[in-house]
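Working notes for the structure below.
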Amino acid sequence: MTEAVIELENVSLTLGEGASSVHVLKGVSLSVERGRSTAIVGPSGSGKSTLLMVIAGLERVDDGIVRVGGTQINGLSEDAIAAFRGRSIGIVFQSFHLIPNMTALENVAVPLELAGHADPFGAAEEELAAVGLSQRLTHYPGELSGGEQQRVAIARALAPGPAILIADEPTGNLDQATGRQIADMLFAKAKERGTSLVLVTHDPALAARCERQVAMRSGRIEPEVAVEKAAMA
């Protein structure tokens, strides 16, 4: 049996307070196998992105257990979660989240510097070359196209060698052709490195490329529509 790299047990989370509070996750249990690709699908407001943030330790749950790479992260201090995330989880966002006053090279080097890498800029240059941006090292985000910015974000996410790569609508801000190129890159890099890929998407074609699809609705996983696929060739 394949080892689980992510395990959620009866996880609940409410955001906001009082009359404005929203019960976003309601007793969610999920196991994700190491090295596989999983799509989280469902309508807007179903809790998909919040689920990713819980996995990344960016949202703290009210109840339940969140175990990532064998480590129970809920209950850890903020510093401990940040350190764990820095070495174990790469994150790609829809809106790139690059630092605007840093070059592509500097954006990718930042997490490596924080992790104490011996040669952060050398490693960052290698990662940018791997995503086809060796000629754009000194360009700032505002000088790059949307597709190029997302390539920088992918390089940044993969640079520390994480076991898990999570992506929240990674093609959502891109045109169809560029989005397809970015998707190709995500799947290729994850497969090449044996990285577990978990992505949220509204795009059925992107979700269909994953080995597994898990549907959410109203803060719950719908097991009756979770689809397991044979590993893609």
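The values are calculated or read from the model by the stated rules, or taken from the named source; none is laboratory data. Because the structure is a prediction, the values reported are computed rather than measured. Note that each Cβ is placed from the backbone with ideal geometry, even for glycine, and that neighbours are counted across all protein chains shown. Side chains included, ligands, DNA and RNA excluded: accessible areas come from the protein's heavy atoms. Shrake-Rupley method; radii C 1.70, N 1.55, O 1.52, S 1.80 Å.
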Where Leu197 falls short, out of the listed (1) touching a strand residue (DSSP E or B) at 6+ places or on another chain (Cβ under 9 Å); (2) part of a helix (DSSP H, G or I):
(2)
Could you please tell me which pairs satisfy a Cβ distance under 6 Å, a separation of 6+ or placement on different chains, a first residue in the stretch 211-227 that is modelled with pLDDT of 90 or more and surrounded by 14 or more Cβ atoms within 10 Å (Cβ to Cβ), and a second residue that is assigned to a helix (DSSP H, G or I) and aliphatic (A, V, I, L, M)?
Gln213/Ala207; Ala215/Val225
Ser31: touching a Lys or Arg at 6+ places or on another chain (Cβ under 7 Å) and not in a helix (DSSP H, G or I), yes or no?
no
Filtered residues of the stretch 128-144 (kept if surrounded by fewer than 19 Cβ atoms within 10 Å (Cβ to Cβ), in a helix (DSSP H, G or I) and not aliphatic (A, V, I, L, M)):
Gly142, Glu143
Flag for Leu112 being in a helix (DSSP H, G or I) and in contact (Cβ under 8 Å) with a residue 24 or more places away in the chain:
yes
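Return the only residue of Glu3, Glu9, Glu17 being of a type in the set (D, E, K, R), open to solvent by 60 Å² or more (accessible area, probe 1.4 Å) and at pLDDT 95 or above. Quick ask: steps written out before the conclusion?
On the way: Glu3 fails: at pLDDT 95 or above; Glu17 fails: at pLDDT 95 or above.
Answer to the check: Glu9.
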Of the residues Gly161, Gly172, Gly194, Gly122, which is among the small types (Gly, Ala, Ser) and either buried (at least 20 other Cβ atoms within 10 Å of the Cβ) or farther than 23 Å from Glu211 by Cα (or both)?
Gly122
In the stretch 158-180, is there at least one residue being part of a helix (DSSP H, G or I), among the hydroxyl-bearing types (Ser, Thr, Tyr) and under 21 Å from the mean Cα position of the chain (by Cα)?
yes
Test each condition in (1) part of a helix (DSSP H, G or I); (2) without any contact (Cβ under 8 Å) to a residue 40 or more places away in the chain; (3) closer than 13 Å to Leu105 by Cα; (4) open to solvent by 10 Å² or more (accessible area, probe 1.4 Å) for Asp184 and report the one that comes out false.
(3)
